[in-house]
Every structure is written in C-alpha cells, then in structure tokens.
Amino acid sequence: MSLAGWMGRPWISGLALAVLVLALELPDALTAASPKAVLVGVGAAGLMLLSRRHPIPVALLVGALYVMSTQPPGYDAPVSAMLIALCQVGRHSAAAASVVVAVAGMATSWWLHRQVVDDHLPTGLSIVLMPALPLATGYIVRLRTELSRRREQQAAEHAVREERRRIARELHDVIAHHVSVVNLYMGVARRMIPIDAERARQTLLTGEDTARRAMAEMRQLLDVLRTAGEEMENQARVGVARLPALVEESGNAALEVTGEAVTLPTTVDHAVYRIVQEALTNTRKHAGGARSRVRLAFLPDLVEVEVADDGPARPGGPGLGLGLAGMAERVSLCGGELKAGPSPAGGFVVHARIPLLEKT
C-alpha cells in the first residue's frame, strides 16, 4: 500500500498527529521541568488518536486542557494540539457544527484574553479570531478533497458512458447489417423457390453463411466485454480490406477506389468499414431495391468515403436514428466530419472526410 493509503487510515493519521503534538509540546515542558505541562502535552497528544473519528468531542476536551493550562501557576497551553483539533473539526464535521465550534472557540479565546482586548484592541481581536483560522483551513481541505473525489467519480462515470455508447454502436452495426442481409436473401429465396429451386438453395446457403458470420462477430464483441484492457476496435477485425466482400454481400452495390491505398490508422480503418456497412444497411431498410455506389478515395492527408443510392429521397442528419448517430460519433472521434442527407439528383448520400493524423 502507498504512503497516501496508509495515511488515509484513521488510526495511522491519528498516531502521526499524536507524535507531532508530543514533538511540539514536550521539549519545552521537559526543559522547564513542569509536571503540569508534561501531563497536558501527553493528554492532548493522546486525544489526537481520536480526532478524526470524534473531532468535536476531542476539540472540546483539548479546549478544556487549554483552559486548565492557562490557570496559575504557569502558562503551558497546548497551542499545537488546539490548532490541530480545530482543523480536524473543520475537515471532518458538518459545516453547521464547525461554525458552532468556531463561535465557542472565539468566545473562549475572548474570555481568556479579555484583558489584552481591553488594553490593545487590534492584538486582542487577532487572538480572539485565531480559532476560526484552523477551522476554515480544515474546511477548505475538506472541500478540495470532496471536489477531487467528485471529479474522479465523474471521470469514471463518463468513461463508463463512453464505453456503453461504443458497445451500443458495435452491436447496432453488427446486428442491423447482418439481419438486413439475411432478410434480403430470405426474400430472394422465397421468390425463387417456384422458379429455380437450385438458385433458391444457393441463396439460402448464402443467408446461412451471413448468419454464421453475424454470430462470429457477436461472439468477438462478447469476448471483448469479458476481457478487460483490450480495444474493441482491434477485436472486431473489420476494416477497409473487407470492403469488397461487404459490398458484394449487399447484392446491389458497386465499389470504386481511387488514389494510392495506404495502411490506415486502426480507428480510421474501422470507422470507414462501419460507415459503409451502416449506409448500405440503411439503403436496404429505407430504399429497398435501390442501387448503391461506394466510393473510397485515398488523398494525401485524409481519406474520403461516400455511399450514395438512387432510391427515393428521405430526411437525414446526424441526429436522426442510431445508425447515423453512430456514424457521426465514429467520424468525430477520428477528428473528421460527416454529412448525410438527400442528394439533389435523388437518393441519399453519406459522405465522410477523415484526416490521417498518423500512418500505422
């Protein structure tokens, strides 16, 4: 365990405060050979062991020792113990309780030093207000600790939400695409059975193979959920290299690649595949029978991907539907931009531009 972890334990921190009080109070008491000061110092140090769990009772008891030590003979007040006890009240007690203790401390300080207040008001006021300073210090430390804890909690919750959204995108892309493809092949097979039984059988086999691949990708995603510390993007095993198979599988699309192909960063490679996959899925869902054209362009500093169909015009925008929202999120995470909407020439167009920040 780290030093901070050990110091976070109540009994360890209490022991450290007790040792600190002994180190500050005993030397002078032993030098002066004052049994009263030694007893007060040891008693105040012992109370420090309980100052975190019971800050207000400890502050009251240390205050009683402080008042006792100011009475004749001698003046051996445990100042360090009093300051630490008040700081512990501010750090580990409610704000209202801290205010009450502060008022009581200032009233006690005025009663003990009322002669100084009468003789020299500025000095007297500084002494009277002194108990409020360690209380305020402890309360500020408490606020900073709570703010830090809240920031850590919010960061953890944000990471969980981002991971859930990423998982949702993966599941949506895999399930929606493969189910729509299987549905397409089943429809073709149903219509072909009375006409060409062999072709219908081949279509059913293709649909069965698509369903098998869907199950394989689902298992890969579930493996990622069970395995901590592995990137989902790497586990899905999809990318630009599989675009020809994806386009061919859709049954009604063509692929055009321009520019000199380069190895894309993993996140970009994955995003391009999923954008094309989702766009083709949307075409089958919303414009059945329409033809699609997939264009992939490798440019010097970026990669462009466009999927256009010749179906009926339909509304678009990154805020509509899980599919388009997922595309927009993927492109945004890669630092690119996405446009999706009806084409002036008819049909629907999805166009993404993703910068190539690094080659991998």
Protein-only accessible surface order, largest first, of 275, 195 at 1.4 Å: 195, 275
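Among 85-91, 100-106, what's the highest-first ranking by average C-beta atoms within 10 angstrom per residue?
85-91, 100-106
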Accessible area in the full protein assembly, largest first, 1.4 Å probe, for 186, 68: 68, 186
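Please list 36-44, 289-297 highest first by mean number of surrounding beta-carbon atoms within 10 Å per residue.
On the way: 36-44: 20.0, 289-297: 17.7.
Put in order of decreasing packing, that is 36-44, 289-297.
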Proximal charge balance of residue 298 [Cβ under 9 Å; K/R count +1, D/E count -1]: -2
Accessible surface of residue 140 - all protein chains present, 1.4 Å probe, nearest 10 Å²: 100 Å²
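The values are calculated or read from the model by the stated rules, or taken from the named source; none is laboratory data. Since the structure is predicted, the reported quantities are computational estimates derived from the model, not experimental observations. Note that each Cβ is placed from the backbone with ideal geometry, even for glycine, and that neighbours are counted across all protein chains shown. Ligands, DNA and RNA are excluded from the accessible area calculation, which covers all protein heavy atoms including side chains. Shrake-Rupley method; radii C 1.70, N 1.55, O 1.52, S 1.80 Å.
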